[in-house]
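Colleague: Could you have a look at this structure, given as structure tokens, before my questions?
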Amino acid sequence: MTALLAYAGRWDSRVRRSLADPQQAARTITEWTAALGYVPATVPATGWDAARAVDHYYERGKGDQSARFRAIEPHDVLAAWAPHRGELMQRHTDPLPATDPDDAEAWREELLRTRAAVALGQAPPSEYRAQIDPAGQKRLASLLSGVGEGPRRYMPDHVARQLAPHRPSRAHRQALVDEGVPDPYSVPCPHCHAAADHPCQSGFRRHGKGRRNLGTVHDSRIQALIARLDVSEEQADAERRRLAALMCQPPTPREARARHTTGGHRR
């Protein structure tokens, strides 16, 4: 602690004056030791150095003029150590304790002791990296297969088959993609401004009021998809007609329902 105060005295004459008097110096060293007793001076493994916290205090910018009006204090060093300690704890993963798992108290004490050592800078954080073998890579590829975007687009095959009657547009889209047909939903729609992976909508009312999702796609969306394909003009026209015929499904007929009328006899 004396070395840290001496280093701060190089920057600030107010610190040097407080250390010039033996009684004032002893009181200052005692206060700093009590406040920063658990803050390490240096931790080379994690890049912490208390001297850098002193440098940062006197090099502050963006309108912070604290160093102009007062000398550095212990809480300034604590303010620099707290985010560094939080970063260490976020990187730390509890290693498997060597004690008997049946002894819950010893198991818990070892975990707390390991965490405290990392929080106090006495030990570097234990970090683990996931190792994906070829089998795991194949499994990830199967999870990411299918149409759509986003982290939750995967669905087991048997669940997709059960939901197919309730999601005819999605099932039809997946069947076309499986056959090698380009997916029109992969591009935004220039007509209704539907985003990629979202269905086309009807109507042009503001804020989306009164608009509904369509089971088909607009012709301009198919043209936008073909524009991205490297094909000739004749092939593009044939591909547009083919996609339009495939994607423009006839609407599902509604069930006939009995019409309710009010009864009564006319007099």
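Throughout, read-outs are computed from the coordinates displayed, never taken from laboratory work. Only a predicted model underlies this, so the values are computations on that prediction, with no experimental measurement involved. When we count neighbours, we look across all protein chains shown, and the Cβ atoms used for this are built from the backbone with ideal geometry, even at glycine.
Colleague: Can you give the local net charge around Arg115? Use residues other than it whose beta-carbon is closer than 13 angstrom to its beta-carbon, Lys and Arg +1, Asp and Glu -1. Kindly include the intermediate steps, with their values, before the conclusion.
Modeller: Working: positive: Arg85, Arg91, Arg108, Arg113; negative: Asp94, Glu109, Glu110.
Around Arg115, the surrounding residues sum to +1.
Colleague: Once you charge only the Cβ atoms, +1 for Lys and Arg and -1 for Asp and Glu, what is the size of the charge dipole of region 1-89 about its Cα centre, to the nearest 20 debye?
Modeller: Details: 11 positive and 10 negative charges, 50 e Å.
In total the dipole reaches around 240 debye.
Colleague: Could you go through region 74-90 in sequence order and give the Karplus-derived ³J(HN,Hα) for each residue, using 6.51 cos²θ - 1.76 cosθ + 1.60 with θ = phi - 60°, rounded to whole Hz, and x for Gly and Pro?
Modeller: Ordered by residue, 3J(HN,Hα) equals x, 5, 5, 5, 5, 5, 7, 7, 4, x, 5, 5, x, 5, 5, 5, 5 Hz.
Colleague: Next question, about the same structure. Along region 193-198, what does the Karplus equation 6.51 cos²θ - 1.76 cosθ + 1.60 (θ = phi - 60°) give for ³J(HN,Hα), rounded to whole Hz, x for Gly and Pro?
Modeller: 6, 6, 6, 4, 6, 10
Colleague: Residue separation times 0.36 nm, minus the C-alpha to C-alpha distance between Ala195 and Trp107: what's the value? The partial results should precede the final answer.
Modeller: On the way: separation 88, 0.36 × 88 = 31.68 nm, distance 5.22 nm.
Stretched out fully, the Ala195 to Trp107 stretch lengthens by 26.5 nm.
Colleague: Separate question: Compactness ratio of region 2-91: Cα Rg over 2.2 N^0.38 Å, N = residue count? Don't skip to the end; give the middle numbers.
Modeller: Numbers: Rg = 13.7 Å, N = 90, 2.2 N^0.38 = 12.2 Å.
In units of the globular-protein estimate, region 2-91 measures up at 1.12.
Colleague: Net charge near Asp103: determine it from the other residues with C-beta under 13 Å of the C-beta of Asp103, scoring Lys and Arg +1 and Asp and Glu -1.
Modeller: Values: positive: Arg108; negative: Asp100, Asp102, Glu105, Glu109, Glu110.
Summing Lys/Arg as +1 and Asp/Glu as -1 gives -4.
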